Amino acid sequence: MRAIVLVGGFGTRLRPLTNVTPKQMLPIVHVPMIERVVGWLGGHGIDEVVLSLGYRPDAFLDRYPDDECGGVRMRYAVEPDPLDTAGAIGFAAAQAGLDDTFVVVNGDVLTDLDLGALVAFHRSCGAEATISLTQVDDPSRYGVVPIDDSGRVEAFVEKPPPGEAPTDWINGGTYVCERSILDRIPQGRPASIEREVFPEMVAAGVLYAQRSPAYWVDAGTPATYLHAQLDIIEGRRGEPEDGVAPDASVDPDAVVDHSVIMSRASVASGAVVRDSVVLPGAVIMPNARVEGSILGPGAVVGQGAVVGGLSVLGNGIEVPAGAAVDAARLPDGD
Ligand code: GDD
Ligand code: MG
């Protein structure tokens, strides 16, 4: 079976990190997000992935020039202009000549979902498309999906106002689709699967969904990009992975606690790093503190400076010695 992976968004919620690197090329514990997503698909029998690209496609094409990623064959569909989620699916399906049942995934979702079980449920329902659902504390930032006892979707409500969601089971961003879904996608203009196509399918009674308790995170915000990685080093997804890269340098008199320190990053004597993610080549000078924050590639935290409160430092940003940065994005703005 083949899968379309949507990776063409601008990643605005992860700015400034995504000013340079598209969201799904950002590392998750030393490995680009896309490799973890494609590796998961490959582990569930997907033998070809169509990457649906828009924003900064070269980052993907340069990294996987032999058209293979995580052991899975890759094809690329590059949109000339953003087509939104449904338009992107239609464009990628046409480019790749998809003519059979296929899978679609949002490329920023990390999950241990049993994809085979979703496909089996889809077939048993005779659905035109089947969505995997996951349960969350705050459904308002997702697509909210009430279902009946048979799994038929009763409504699809994208990002309802806080407190108004009819259920806390939400669209997990993995779909099994029949080819006929493509006939519902408007041609030649952007179109949203969540706001246009799924509601139309609900009205026609052909959209189903299955609830899953499997591990799931959308790593598209600073908080979830951080937590997706801490979950991996804590062992919430099987064997814990090592947070400190082999070629990172951590002084014996530094404290690194519950954090990811990526390739070529360095933590100097007396510095403390807690609950944080430090991207490749970032530098933490002596006696600095970094807590619950994300340092972009090559960022520098000066001697004795303090960075905290889910701050996000962009590529190469320098925090002066002794400065305090709290709950900030640097540089701020677009
Ligand atoms: N190719 C292409 N073109 N990809 C796009 C475009 C586009 O115009 N717009 C967005 N994408 C990609 C993004 O890169 C991402 O991988 C995926 O589509 C979903 O976009 P997000 O921007 O991450 O959406 P979201 O997180 O707010 O909401 C979506 O995901 C939730 C689950 O994580 C929706 O599908 C929700 O219903 C869902 O609950
Ligand atoms: Mg997302």
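Scanning segment 307-323 for residues that are within 15 Å of Pro16 (Cα to Cα) and in a loop (DSSP other than H, G, I, E, B) yields a total of 6.
Among residues of segment 4-37 being away from ligand 1 (no atom under 13 Å from the Cβ) and free of Cβ contacts under 8 Å to residues at least 60 places away in the same chain, the one that is least open to solvent (accessible area, probe 1.4 Å) is Pro32. For segment 123-135, the set of residues classified as over 21 Å from the mean Cα position of the chain (by Cα) and closer than 16 Å to Phe198 by Cβ consists of Cys125, Ala127, Glu128, Ala129, listed by residue number. Of the residues making up segment 57-80, not a single one is surrounded by fewer than 22 Cβ atoms within 10 Å (Cβ to Cβ) and within 16 Å of ligand 2 (Cβ to nearest atom). So which residues in segment 136-151 are outside any helix (DSSP H, G or I), at negative phi and over 17 Å from the mean Cα position of the chain (by Cα)? Those that are outside any helix (DSSP H, G or I), at negative phi and over 17 Å from the mean Cα position of the chain (by Cα): Asp137, Asp138, Val144, Val145, Pro146, Ile147, Asp148, Asp149, Ser150.
Only a single item in (1) out of contact with any Lys or Arg (no Cβ under 8 Å at 6 or more places or on another chain); (2) more than 15 Å from ligand 1 (Cβ to nearest atom); (3) of a type in the set (Gly, Ala, Ser) is not met by Ala223, and it is number (2).
With respect to the numbered conditions (1) more than 16 Å from ligand 2 (Cβ to nearest atom); (2) not in a helix (DSSP H, G or I), which one is the sole condition not fulfilled by Phe10? For Phe10, the exception is condition (1).
Residue selection: Glu196 fails the criterion of being assigned by TED's automatic domain parsing to the domain that holds Ala88, assigned to a helix (DSSP H, G or I) and more than 24 Å from the chain's Cα centre (by Cα).
Of the strands (runs of 3 or more DSSP E) lying entirely inside segment 209-306, those carrying at least 2 residues that are open to solvent by 20 Å² or more (accessible area, probe 1.4 Å) and closer than 30 Å to Asp149 by Cα are 216-218. For segment 54-104, a residue qualifies if it is in a loop (DSSP other than H, G, I, E, B) and closer than 19 Å to Met1 by Cβ, and the qualifying residues are Asp67, Gly70, Gly71, Gly97, Leu98, Asp99, Asp100, Thr101. Note on segment 99-133: residues that are open to solvent by less than 10 Å² (accessible area, probe 1.4 Å), away from ligand 2 (no atom under 16 Å from the Cβ) and closer than 20 Å to Cys69 by Cα amount to 3.
The values are calculated or read from the model by the stated rules, or taken from the named source; none is laboratory data. Because the structure is a prediction, the values reported are computed rather than measured. Please note: Cβ atoms are built from the backbone with ideal geometry, for glycine as well, and neighbour counts cover all protein chains shown. Just the protein is used for accessible areas: all its heavy atoms, side chains included, with ligands, DNA and RNA removed. Shrake-Rupley method; radii C 1.70, N 1.55, O 1.52, S 1.80 Å.
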